Amino acid sequence: MRAVAVSFWMEQLGPGPERPPLDGRFEADVCIVGAGYTGLWTALELRRADPSLRVIVVEKETVGFGASGRNGGWVLGALVGSRAGWSARGGEAGATALESAIRETVDKIGRRAAEEGIDCDYVKGGTLTVAQTAVQLDRLRAQQGDEELLDADELAARVRVQGALGALFSPHCARVQPAKLVRGLASAAERAGATIYERTQAVELEHGRVRTPGGEVNARWIVRATEAYTADLPGLRRQLAPVTSAMIATEPLSAEVWAELGWFGCETILDGRNLYTYVQRTADGRIALGGRGVPYVFGSGTARELSPPRSVVEHLRGRVRDLFGVDAEIASAWQGVLGVSRTWRPAVGIDEARGFAWAGGYAGDGVAAANLAARTLRDLILARDTELTRLPWVGPLEREWEPEPFRYAGIHGVHKLLGAADRRELRTGKESVFARVAGTISGRGH
Ligand SMILES: Cc1cc2nc3c(=O)[nH]c(=O)nc-3n(C[C@H](O)[C@H](O)[C@H](O)COP(=O)(O)OP(=O)(O)OC[C@H]3O[C@@H](n4cnc5c(N)ncnc54)[C@H](O)[C@@H]3O)c2cc1C
């Protein structure tokens, strides 16, 4: 297994174009901090909407260094958070509008990528949540909503999962190679006229000014697109908790194994466990699979440059075996941080008086959500009153996280409960109350 700097996805592409750090003093209309999906979609959308806008993006490392270059490549047409939670925030109509908007986003990403010539292995094959035990199947039945419940044979006609009893199918998901998407977006934003500076850390965000070690940008608007890394910015440690997700990619599987598995539709797959794993079939015939690793670092630490611990890699490899019956060689393992808000619901915020805007807290479901957030930020910044600006996730974060050690105890506690629920369900064949408790606290996301 090779060690990788950011992710297997980035290694596959090799080095990207070199962009210089910011050096000197610059004027802009909008300065965006962070070159992940949120920042780059926002830059692209703003420039497309108004080519006279001067848009500068500053990135502390390189394009796609954060979760956008590391994720599972699920473009999921769903936001994290329960329907009841969104209804409480935005009413039934608001929750419905939000659901439609995020579902439409899956197609919009595919179309915009095609328009911009971004080849990111986009395939919209939908998503399967697979039950391997009776308890898991009961849970799927309870969650069914407008999704299709497949029996074991119907599932096997799509993909053969070991011991599967059935699955929920939703058409609202596509698969991408995430690093290809983020790199392609950076080039598209530049072609549209935005300027990106790499190795440029914003050390202070003030009204109308972003300070970096090599200079500063004065701008009417400052967009914070730093998701999990928001915790590193002065005064913002308790906004979003940086939670870890870890992934592995197998070596390419043989044609015989693929013939055995089927999986021609490239559906993304989620297992039915409480501490779940998420999977995609890659364009070059590998299985890429992820799950929670060591969940959180005390004090909201964000560094995840080292490979995940061996125990996590072995656990993920075991999930490949358990789901697909394949004892595959692992090509590489990596991890990253995603931002989780205290309510487990994301938000898109704007402070007109101070010229700040931001979006994040997607809690592991951010690939599609970052695009919807960016189009919303565009409308907010351009002072357009649109359907997007009226969606119920627009507004301030509802709550901050508790100070330490409560934050650490809470996040690790939920993680432990979910793991314990899985063990108990396997032992007793009954749904564990731990699962309900943890699910209520945490919602569901990668
Ligand atoms: C392992 C893993 C698997 C995931 N799988 C999925 C999935 O399959 N589907 C899904 O929908 N979501 C998934 N997610 C979540 C998803 O990747 C994120 O929600 C999404 O990429 C967030 O995009 P972003 O642009 O807001 O943040 P990021 O991509 O994290 O970008 C933030 C950027 O800001 C930069 N930055 C931070 N601080 C500063 C500063 N002070 N100055 C300048 N730059 C700064 C960082 O270097 C980084 O590049 C996963 C996340 C991880 C980690």
Just to confirm my numbers, what's the Cα centroid distance between the range 1-31 and the range 123-184 in Å? 34
Exposure-ranked with fewest Cβ neighbours within 10 Å first, MET247, MET1 stand as MET1, MET247
Under 12 Å from LYS180, Cα to Cα: aspartates and glutamates that are on another chain or at least 8 residues apart: GLU11, ASP119, ASP121
Please check: in the Gaussian network model of the chain (C-alpha springs, under 10 Å), which one of LEU240, LEU46, LEU426 has the largest mean-square fluctuation. LEU426
So for the chain: antiparallel DSSP bridges make up what percent, rounded to the nearest 5? 65
Fewest-first ranking of CYS120, CYS31, using other Cβ atoms within 10 Å as the exposure measure: CYS120, CYS31
Give me ILE196, ILE102 sorted ascending by neighbouring Cβ count inside 10 Å, so fewest comes first. ILE102, ILE196
Within a Cβ distance under 12 Å of ALA373, other residues only, what is the Lys/Arg minus Asp/Glu net charge? -1
Roughly how many whole Å is it from the C-alpha centroid of the range 371-418 to that of the range 254-281? 30
Inter-label distance, nm, simple model (7 Å from Cα along the C-beta direction), ALA303/ASP138: 4.6
Sum of side-chain charges, ALA156 neighbourhood, beta-carbon under 14 Å (Lys, Arg +1; Asp, Glu -1): -3
Consider a paramagnetic label point 7 Å from the Cα of GLU314 along Cα→Cβ; state which residues of the range 401-420 have an amide N under 19 Å from it. 419-420
So if I place +1 on the C-beta of Lys and Arg and -1 on the C-beta of Asp and Glu, and nothing else carries charge, what would the dipole magnitude of the range 326-413 be about its Cα centre? I want it in debye, nearest 20. 300
In Hz, Karplus ³J(HN,Hα) per residue of the range 140-152 (6.51, -1.76, 1.60; θ = phi - 60°; x = Gly, Pro): 4, 4, 5, 8, 3, x, 9, 7, 8, 8, 8, 7, 4
In Å and from the alpha-carbon atoms only, list the Rg and Dmax of the chain. 20.9, 64
Note, the range 333-347: 3J(HN,Hα) by Karplus (6.51, -1.76, 1.60, θ = phi - 60°), whole Hz, Gly/Pro = x, goes 9, 7, 8, x, 10, 10, x, 10, 7, 5, 8, 6, 10, x, 8
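Values quoted throughout were computed directly from the atomic coordinates according to the rules given, and no laboratory measurement underlies them. Bear in mind that the values here come from a model prediction, so they are computed numbers and not experimental data. All Cβ positions, even for glycine, are placed from backbone atoms using ideal geometry, and neighbour counts span all protein chains on display.
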